[in-house]
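In what follows, a single structure is set out as structure tokens and then discussed.
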Amino acid sequence: MTGNMAKRRVLFLEYFPLFGGGQRMLLSIIGNLKDDYDAEVLIFNRGGIETHLKKMGIKTHFMQAPAKPKFRYFFYFIPFIMRLYNFLKRGKYSLVYSSGFFSTKLAAIPCAMAKIPLIWHKHLIISRGYFSYTASQSRMLSLFTSKIICVSEASRRSMESAGIKRDKLVTVYNGTKAPERVQAGTRAAVRKKYGIKHGDFLCGSVGYIRLDKGFDLLVKAAAVLKNEPQIKFMQVGKAEESDKWYEAKLKKDAADNNLENMIFAGYGDKYDFMPAFDLYVMPSPNEPFGLVTIEAMSLGIPAAGFASGGTAEIITDGRDGFLTENISALGLAAMIKRAYLQRKKLKKMGAAARKTVAERFGTERQMMEIKGIIESVLRTAAGGIR
């Protein structure tokens, strides 16, 4: 590694305080590239990610985001823009790497003012049309970015449909690797704790409880299959404060329907629960990618979901999991029932799932592609071409 390479400073940005898939992926990128670049992080809201960054020994800065980071309130956050611009100039950063829409919105103008190239890592699918707020804002923000990394082809196509130039868009799938080991006895301990009997079929899902994740469909699918006593459902996760109403509604719906087959396990480490699953279920109707899906598959657990969004790019129906084109609770229930009826094949499908992750969604592949994009943007910036 050359001295010049070591001197190049990259500032990573994170808006959200929660510690979901996007934040975990950002930490993975930083952790894997910190030897190649002088990496620092600027967070805009305090939360769990700050603790993880400190454990990693990453220099972290904090600048409170405006209460209303929308351009119709532009006049009110001009002082913030100037603070961020001055921060960037003082830091002498070679590149800014923004994780998500809101971070990009806050940093786009200051980066342009400071003449620092900006990479936007896009985790969402734009689904509301060309003239929607998100689409129009994304078009505007794309003018200030050097490259936009999309987590799936579905995400990339949605950006292109929103009017973003094709040459700014590149797809890089999320990557993962299985933990070195899963604690022995995890499967038996979890199943015993929650009353999962021998021969029961446990399908589970993990993640922050948010409306866009489709957990209401999972509860409704449990209602459809409530008369199939051997099929059990488990949701692992919690809601942020703004989504507590949704979590409460899910639990009320389950109670109102007497769903003894639906378990809300609460928040916990995914690797302390997933080994107990026979099938991992991604219930989101339009998931951009689903990091936890490939994490489950890396453990040898077949995955199931809707044939939409990035999920359809991960799972091959009948090989390493199950897909359904019927995007509804009934479609989800029918797919889970199909998996249950083919449960003797699940071990072989789990092995195929593990192979899929190793061949297509490994961390080394992802980091090599992201580093290539960073290097390309830095070369272009050094040549004076934006």
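Every read-out reported here was derived from the displayed coordinates using simple, explicitly stated rules and does not represent laboratory data. A quick note: this is a predicted structure, and the numbers were derived from the prediction, not measured. Note: ideal-geometry Cβ built from the backbone for every residue, glycine included; neighbour counts use all protein chains shown.
Annotation for the stretch 24-56 versus the stretch 342-380: alpha-carbon center distance of 21 Å. Computing FRET efficiency as 1/(1 + (r/R0)^6) for Asn257 and Ala67, where r is the C-beta to C-beta distance and R0 is 45 Å, gives about 0.70.
What label, among (1) 140; (2) 166; (3) 157, belongs to volume of the Cα convex hull per residue in Å³ computed from the structure on display? Among (1) 140; (2) 166; (3) 157, the one derived from this structure is (1). Listed by chain and number, the aspartates and glutamates whose alpha-carbon sits under 16 Å from that of Lys165, ignoring those within fewer than 8 places in the same chain, are Glu153. With each label modelled as a point 7 angstrom along the Cα→C-beta vector, the Asp212-Ser328 pair spans 2.5 nm. Considering only Asn258, Asn286, Asn45, the Gaussian network model of the chain with Cα springs below 10 Å gives its largest mean-square fluctuation to Asn258. For the stretch 42-162, a Kirkwood hydrodynamic radius built from all Cα pairs, placed in the Stokes-Einstein relation at 4 °C and 1.567 mPa s, yields a translational diffusion coefficient of 85 µm²/s.
Taking the chain as a Gaussian network of alpha-carbon nodes connected by springs under 10 Å, the highest mean-square fluctuation of the residues Gln342, Gln235, Gln23 belongs to Gln342. Straight-line cross-link partners of Lys89 among the lysines, defined as a Cα under 26 Å from its Cα and at least 8 positions apart when in the same chain: Lys7, Lys34, Lys54, Lys59, Lys68, Lys70, Lys105, Lys115, Lys122, Lys147, Lys168, Lys371. Charge tally for Leu202 (other residues, Cβ to Cβ under 13 Å; Lys, Arg +1; Asp, Glu -1): +4. Within the same chain, aspartates and glutamates fewer than 8 places from Lys252 are excluded, and of the rest, those with a Cα less than 14 Å from its Cα are Asp216, Glu260. Scanning the chain for chymotrypsin sites (Phe, Trp or Tyr not before Pro) in DSSP loops with at most 15 neighbouring Cβ atoms within 10 Å leaves 1-129 as the longest stretch between them.
Is the C-alpha gyration tensor of the stretch 186-360 telling us rounded, prolate or oblate? Criteria: a/c under 1.5 is rounded; beyond that, a/b larger than b/c is prolate, otherwise oblate.
Details: a/c = 1.37, a/b = 1.21, b/c = 1.13.
The shape class here is rounded.
Given a cut-off of under 8 Å on Cα pairs at least six residues apart, what relative contact order in percent is computed for the chain? The partial results should precede the final answer.
Details: 707 pairs, mean separation 54.2, N = 386.
Worked out over the chain, it gives 14 percent.
Of the trypsin sites (Lys or Arg not before Pro) found in the stretch 158-220, those that fall in a DSSP loop while having at most 16 other beta-carbon atoms within 10 Å are Lys165, Lys177, Arg181, Lys197.
Between Ala39, Ala307, Ala112, the Gaussian network model of the chain with springs among Cα atoms under 10 angstrom shows the greatest mean-square fluctuation at Ala112. Over all pairs of different C-alpha atoms in the stretch 125-226, the reciprocal of the mean inverse distance, the Kirkwood hydrodynamic radius, equals 17.7 Å.
Spacing of the modelled spin labels on Thr51 and Lys345, each 7 Å from Cα toward Cβ, amounts to 4.3 nm. Working from label points 7 Å from Cα in the Cα-to-Cβ sense, the Lys337 to Glu359 distance is 3.2 nm. Taking the Cα centre of the chain as origin and assigning +1 to Lys and Arg Cβ atoms and -1 to Asp and Glu Cβ atoms, the resulting dipole is close to 580 debye. Helix-only arithmetic for the chain: the sum of -39500 (n - 2.57) across DSSP H runs with n ≥ 4, divided by the residue total, places the mean residue ellipticity at 222 nm at -13000 deg cm²/dmol. Can you give me the C-alpha center-to-center distance between the stretch 265-298 and the stretch 132-165, rounded to a whole angstrom? Their Cα centres are 27 Å away from one another.
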